[in-house]
Amino acid sequence: RKEVEQDPGPFNVPEGATVAFNCTYSNSASQSFFWYRQDCRKEPKLLMSVYSSGNEDGRFTAQLNRASQYISLLIRDSKLSDSATYLCVVRSISSGSARQLTFGSGTQLTVLP
Amino acid sequence: DTEVTQTPKHLVMGMTNKKSLKCEQHMGHRAMYWYKQKAKKPPELMFVYSYEKLSINESVPSRFSPECPNSSLLNLHLHALQPEDSALYLCASSQDLTNSLNTEAFFGQGTRLTVV
């Protein structure tokens, strides 16, 4: 089983639609959770951290369920500029104090006019 | 300044060449990472440096040799690479404080490497 699993998509949605991405992780000792966005041929950029109580940033809402080891991202009123690959990222302690980031395979989103 | 700078942006090298990738950050971050990313795949961790010491080596072949000369710099020395090593090589940095859990990693723009 992969450490971080995502539905690869692709998700093709019309402008203005609401779309949800899901992610599950296998390491129950994982500490921190993030959604990154990666545009074609660019580096990953942080979209938002995911907090236990859930958090919202404009049109984006992230949820964490530690009991189910599940993370979600909801995008409301999607824009053409939201088209990208969305990466679920989990941070866990590895050796000593080093923390490593493990990426899910990414979910590709295309917002259509 | 929330920037991680990587040079060069593009690199073409032969299988007998020796080259180095460079990464620099001035955010005071004490953890630095090398990732390799193939097309349509997520980044795969190669190395982690924590406080300038190699903490994680994800069974990377010895033809890749990391070096951390100081807390701001991270290099990746390349020697005798194979064509299948062609990929985007991403450097990242983050704070690595035990009392700071939600510290995100910042990525450089990457070096697109082609081995011929």
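Check the straight Cα-Cα distances from B:Lys18 and name the lysines below 22 Å, setting aside those fewer than 8 residues away within the same chain.
Those lysines meeting the cut-off are B:Lys9, B:Lys36, B:Lys38.
Compute the distance in nm between two label points, each set 7 Å from the Cα along the Cα-to-Cβ direction, one at A:Asn12 and one at B:Lys53.
Placing both labels 7 Å beyond Cα along the Cβ direction yields 5.3 nm.
Give the cysteines in the protein assembly as shown for which no other Cys Cβ lies under 4.7 Å away, or write none if there are none.
Lacking a cysteine Cβ partner under 4.7 Å: A:Cys40, B:Cys68.
By a straight-distance test (C-alpha under 18 Å), which aspartates and glutamates pair with A:Lys79 as possible cross-link partners, with residues fewer than eight away in the same chain excluded?
Excluding near neighbours in sequence, the set is A:Glu15, A:Asp39, A:Glu56, A:Asp57.
Treat the count of other C-beta atoms within 10 Å as a stand-in for reagent exposure and order B:Arg30, A:Arg66 from fewest to most.
A:Arg66, B:Arg30
Going toward the positive end of the dipole of chain A, with +1 on Lys and Arg Cβ and -1 on Asp and Glu Cβ, which of A:Ser26, A:Ser68, A:Met48 do you reach last?
The one lying farthest along the dipole's positive direction is A:Ser26.
If I model chain B as equal point scatterers sitting on the Cα atoms and use the Debye formula, what is log10 I(q)/I(0) at q = 0.17, 0.23 Å⁻¹?
So the normalised log intensities are -0.78, -1.38.
In terms of Cα to Cα distance under 18 Å, which lysines are near enough to B:Lys53, apart from those fewer than 8 places away along the same chain?
Counting by Cα, and skipping residues close in sequence, B:Lys53 has these lysines nearby: B:Lys22.
Using the reciprocal of the averaged 1/r over all distinct C-alpha pairs, how large is the Kirkwood radius of the protein assembly as shown in Å?
18.2 Å
Using the Kirkwood radius over C-alpha pairs as Rh, can you work out the diffusion coefficient of chain A via Stokes-Einstein at 4 °C, viscosity 1.567 mPa s, in µm² per second?
It comes out at roughly 91 µm²/s.
Hey, fewest Cβ within 10 Å first, where do A:Val4, A:Val13 land in order?
Sorted ascending by nearby Cβ count, the order is A:Val13, A:Val4.
How do A:Arg37, B:Arg112 rank when sorted from fewest to most other Cβ atoms within 10 Å of their own Cβ?
Ascending Cβ contact count within 10 Å gives the list B:Arg112, A:Arg37.
Where a number appears in this text, it was derived from the coordinates with a stated rule and is not lab data. All figures in this text were calculated on a predicted structure; none of them were measured in a lab. Positions of Cβ are backbone-derived with ideal geometry, glycine not excepted, and every protein chain shown enters the neighbour counts.
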